[in-house]
There are 6 protein chains.
Amino acid sequence: MSSERYERGSRMLTAVDGPAGVAVVEGLAKSFPDFARYVLEFPFGDIYARKGLGLRERELATVAALCALGHASSQLRVHVHAALHVGCKPEEVVEVVMQMAVYAGFPAALNGLSVVREVFAESGIQLPLA
Amino acid sequence: MSSERYERGSRMLTAVDGPAGVAVVEGLAKSFPDFARYVLEFPFGDIYARKGLGLRERELATVAALCALGHASSQLRVHVHAALHVGCKPEEVVEVVMQMAVYAGFPAALNGLSVVREVFAESGIQLPLA
Amino acid sequence: MSSERYERGSRMLTAVDGPAGVAVVEGLAKSFPDFARYVLEFPFGDIYARKGLGLRERELATVAALCALGHASSQLRVHVHAALHVGCKPEEVVEVVMQMAVYAGFPAALNGLSVVREVFAESGIQLPLA
Amino acid sequence: MSSERYERGSRMLTAVDGPAGVAVVEGLAKSFPDFARYVLEFPFGDIYARKGLGLRERELATVAALCALGHASSQLRVHVHAALHVGCKPEEVVEVVMQMAVYAGFPAALNGLSVVREVFAESGIQLPLA
Amino acid sequence: MSSERYERGSRMLTAVDGPAGVAVVEGLAKSFPDFARYVLEFPFGDIYARKGLGLRERELATVAALCALGHASSQLRVHVHAALHVGCKPEEVVEVVMQMAVYAGFPAALNGLSVVREVFAESGIQLPLA
Amino acid sequence: MSSERYERGSRMLTAVDGPAGVAVVEGLAKSFPDFARYVLEFPFGDIYARKGLGLRERELATVAALCALGHASSQLRVHVHAALHVGCKPEEVVEVVMQMAVYAGFPAALNGLSVVREVFAESGIQLPLA
């Protein structure tokens, strides 16, 4: 019934996060298939597929929000990876996370930087940035 | 002692939000002068003044975070205004706030859109966007 | 394209909250028509329309979550009204909100009870409950 | 002095979560005996013992709140178990957690589903639900 | 049944916040008498009545927490008043709230300072502090 | 340029948390040197160095806030240690964390007590306190 949104969401997820994102949703689908479908349909099929904001900006906004929320380190990990995948520079990601110290406090920013460090290590990005 | 950071922060605040932002900090300074100084020095003099991320991206990240946090509607109002002031398109601001429904839930996004509507009305931006 | 979900969401919103809920979404649609459509499609067309949990239980869970989050008093107001509309007893709504003192602290529960008091007054429900 | 509330709380905790809940509180009591006593007296002796809301509804409301809060995964684990123990169907628990995507965002719901998956595995409940 | 805790809680509330606190709880009792009783019994009768931490330190900790949470401005107002009532210096209260910028972000601290300014105005405390 | 604040912050961090705190910031500096500098300059060089509130009160307020926020267990660990280091009695730290059950809910307090138990074990402080 919603196959068009689902297909568009699958394409957007691949565009945003590559095979890593698809693997996360496929893992979810083994236990919670309806929810995995919603993840593709609403966030990716509806929201990320919208015009009016570039994918780079979308990912920087998502990194900001996930870091500020504080309870979403798994999802922050996915989206730090995704931010790099859509072409954000490592420096831009670090800047957004550091900026969260202002709005959500130093603990949220410090926890965000821990996630950044792990994803950068997996991605072969050396810290400190030159 | 910290006059260089203070001066840089004042210039950044003016760049980011124009006279409106300066007025907010001057109001604060009447009751809490030290804290008003910190606002200029750390967020604006240290963070916003950094290279490595454009002001447009900084403001979109801030709008995302303030919307997601849920308890910062006054500051969201300032930064929706600031986002427009640094050149974000109205459409980009609306997209970021709508995207927060995914990460922080529909209530946070709905409350964010209420703030957007008020700032846009004050700024003569007609809704719905064409 | 998504007219089936939209129609189902409209029916669910009416079932859940009656004309009051429809009025809220119509007000939203004047400024943010796409987001108003998402509100009907995803929360109401996808989630509330699911089998497996009764509407009374859905509304009590929503009241619990909105009270606990603390930043969603407008939405809590809508869903206290909705809880009564789908057949929750006033006593059940009060019990859920009081229970939030345990999980989210007394301030969240106290703010939730303020919302309950306002909605009950509008609905002609006398406090204290007998 | 408060032995009546304490005894009532012990009985309620056993009713709500069986030996698992009692074991958690006894573990707490080894380090923080006063706080363990408060846990029995206020949440269980005062709140859960109240009439006016069924235990099934209380547990669904608690699962909703703990999932939405985002920082309470240990307690969510206890109450997913408790929800099953008081007779909630696995499907009802999954529905409440999925519904939190609407109110607290997809990350909170995804983290909640991870907890559900673990508790269901320990309880021999197969996913996906038929 | 719990009259001893209730009486102790009443005395503690009066010690902590004077007639203003009692008036808040009496207002609550008109609509939600059981919850008003819990407020006296658990926070005040159990927790505030404990030895091991002075009332001044308890109030500074409460001001810190309510400011950091962000959704509790009504309760923050009560406890800024209470902090002054139990002998905290105005300067100490301002310091705690400013310190929250570090842990919960500048918006939480700024909103906390707005509350401080209102309570100080009602209490005849002039800002800026000399 | 900011060497005075940096030096003052280093001295304050050592006063507050001893070599443990310095080690944390030095670890951070390896990956994010600018952010490590901000941590010394703003929280410690600006805020903790202020007169008007004792270090013991500052640490109790920080423990309260970090426990209430719920997403800052690493930082709570540092500041439970710091609270002991600046002379707070173990009993005072436990009292503040238990008090958070009132304002942020039992899960936040329970998670805070888990951190307290770990830090106390490392510090040779026996629980339950006599």
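The values are calculated or read from the model by the stated rules, or taken from the named source; none is laboratory data. Everything quoted here is computed from the prediction, not taken from an experiment. Cβ coordinates were reconstructed from backbone atoms using ideal geometry, including for glycine residues, and neighbour counts include every protein chain displayed.
Per-residue answers, yes or no, for (1) touching a residue at least 24 places away in the same chain (Cβ under 8 Å); (2) farther than 29 Å from B:Arg37 by Cβ; (3) assigned by TED's automatic domain parsing to the domain that holds E:Glu4:
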residue: E:Arg37; (1), (2), (3): yes, yes, yes
residue: E:Leu40; (1), (2), (3): yes, yes, yes
residue: E:Pro43; (1), (2), (3): yes, yes, yes
residue: E:His71; (1), (2), (3): no, no, no
residue: E:Val78; (1), (2), (3): yes, yes, no
residue: E:His81; (1), (2), (3): yes, no, no
residue: E:Ala104; (1), (2), (3): yes, no, no
residue: E:Gly112; (1), (2), (3): yes, no, no
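For a quick check of your reading: which helices (runs of 4 or more DSSP H) sit entirely within segment D:1-75 and have at least 3 residues that are closer than 28 Å to C:Lys89 by Cα?
D:3-31, D:55-69
From (1) part of a helix (DSSP H, G or I); (2) among the hydrophobic types (A, V, I, L, M, F, W, C); (3) in contact with a helix residue (DSSP H, G or I) (Cβ under 6 Å, 6 or more places away or on another chain), pick out the condition that doesn't hold for C:Leu84.
It fails just one condition, (3).
Test F:Arg11 against the stated conditions and say whether it is free of Cβ contacts under 8 Å to residues at least 40 places away in the same chain and under 11 Å from the mean Cα position of the chain (by Cα).
Taking the combined requirement at face value, the residue does not satisfy it.
Using the structure shown, decide if C:Ala64 is closer than 26 Å to B:Leu69 by Cβ, of a type in the set (A, V, I, L, M, F, W, C) and within 14 Å of chain E (Cβ to nearest Cβ).
Criteria not met by C:Ala64.
I'm checking my understanding of the structure. Among residues of segment B:73-104 that are in contact with a Gly (Cβ under 7 Å, 6 or more places away or on another chain) and within 14 Å of chain E (Cβ to nearest Cβ), which one is nearest to D:Gln99 (Cα to Cα)?
Among those residues, the one meeting the criterion is B:Ala104.
Here are C:Tyr48, C:Tyr103: which of them is over 26 Å from C:Arg8 (Cβ atoms) and of a type in the set (Ser, Thr, Tyr)?
Within the list C:Tyr48, C:Tyr103, the selection yields C:Tyr103.
Taking segment A:76-91 as the region of interest, how many residues are within 17 Å of A:Leu110 (Cα to Cα) and either touching a strand residue (DSSP E or B) at 6+ places or on another chain (Cβ under 9 Å) or buried (at least 23 other Cβ atoms within 10 Å of the Cβ) (or both)?
3
Take C:Val86 and tell me if it is touching an Asp or Glu at 6+ places or on another chain (Cβ under 9 Å), over 27 Å from A:Asp34 (Cβ atoms) and in contact (Cβ under 8 Å) with a residue 12 or more places away in the chain.
no
Can you tell me which residue within segment B:112-128, out of those that are farther than 14 Å from B:His79 by Cβ and of a type outside the set (D, E, K, R), is surrounded by the fewest Cβ atoms within 10 Å (Cβ to Cβ)?
Among residues in segment B:112-128 that are farther than 14 Å from B:His79 by Cβ and of a type outside the set (D, E, K, R), the one surrounded by the fewest Cβ atoms within 10 Å (Cβ to Cβ) is B:Gly124.
Can you go through A:Phe120, A:Phe42, A:Phe32 and tell me which one is within 12 Å of chain D (Cβ to nearest Cβ), touching a Pro at 6+ places or on another chain (Cβ under 7 Å) and aromatic (Phe, Trp, Tyr)?
A:Phe32
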